[in-house]
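**Q** Below: one structure in structure tokens.
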Amino acid sequence: MKPMKNLPFPMNYFANTLTPKKIFKGRHGLSRWQMVIVFIFLTALLLIPVSMNMAKSSNFELGEIMPKMFQTLDDEVLAEIQQADFTDGELKSPRQGFINETNTVGFNLTDKAIADLKNGISFNQTTMLMKDEAGYDFKVSYTKDFSPQNFETLAELKQGISSQWLKQNKAFVAFTMILMSGSLILVSSLILVFGGSFFIWLTRKNDLSSVKTFQESVNLILNALGLSTLLGMIVGLISFDMTLVLSIQSLGLVMMLLGVFVTTRFDDNYVNGQTGANTR
């Protein structure tokens, strides 16, 4: 049998993720800096569905970050909005002042009135100013197709305001979502890699285990994470659900490690004995 050629990085990593036996036998294949690169690569794979989902997203629940402001929108406000004239991204009405009894929503409110607001909205000629006591304060320009007078329900009004905000703050939303998801993925990956490596490393106390160093354990775990991370990314692209993506990665790692144990017993002699028997 011809000896197997050593593949260059990163081809050697990909080759060592394909089967449980290769995952185990390839536990010496990566240097420390290569392990860091692989870890970053696997983390980045799971961020791809997040980025793609944000690129396709056209709706955002602004009420989740400005809940008090959205509570100021009621049927009284909706009725006043329906009578207003919004044309080509501009409020034609010269009316000025509050349009609800709680004095939280109005047309063309003065700077002083806006400054005194804790929660509310001012629909101005070409922009709307939104404030929430949570600390958010946004100025959003109307798009040409913004026609809130055509909204028939309060839910439509709230969604319309959210859509206007999203069109001009998509970069902010994308950055925030990627930062939050990236932090979640990073923490999850660190737990999987170092937690899994620690338990594999503990097998060194068994004379039958060939895994003797922590670096071998980390390399083995990274090998085992390859296919499950790829599968998680693919599922995330089809139907984005961060919980499902991370669950697939975790469950896939467990299943792959089980396969590694069944086929190798974490013992080079066991693997070599099987290989020798198969070549007779």
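**Q** Pull up region 77-114, narrow it to residues that are more than 20 Å from M66 (Cβ to Cβ), of a type outside the set (D, E, K, R) and more than 39 Å from the chain's Cα centre (by Cα), then point me to the one that is surrounded by the most Cβ atoms within 10 Å (Cβ to Cβ).
**A** Selected residue: A84.
**Q** Can you confirm whether E152 is surrounded by 12 or more Cβ atoms within 10 Å (Cβ to Cβ), charged (D, E, K, R) and over 26 Å from the mean Cα position of the chain (by Cα)?
**A** no
**Q** How many residues does region 27-46 contain that are surrounded by fewer than 18 Cβ atoms within 10 Å (Cβ to Cβ) and assigned to a helix (DSSP H, G or I)?
**A** Qualifying residue count for the region: 9.
**Q** Answer yes if at least one residue in region 167-174 is among the β-branched types (V, I, T) and closer than 30 Å to Q249 by Cα, and no otherwise.
**A** For region 167-174, residues among the β-branched types (V, I, T) and closer than 30 Å to Q249 by Cα: present.
Taken together, the values in this text are just the output of simple stated rules run on the coordinates, not laboratory data. Predicted, not measured: the structure shown is a model, and the values here were computed from it. Virtual Cβ from ideal backbone geometry, glycine too; neighbours counted across all protein chains shown.
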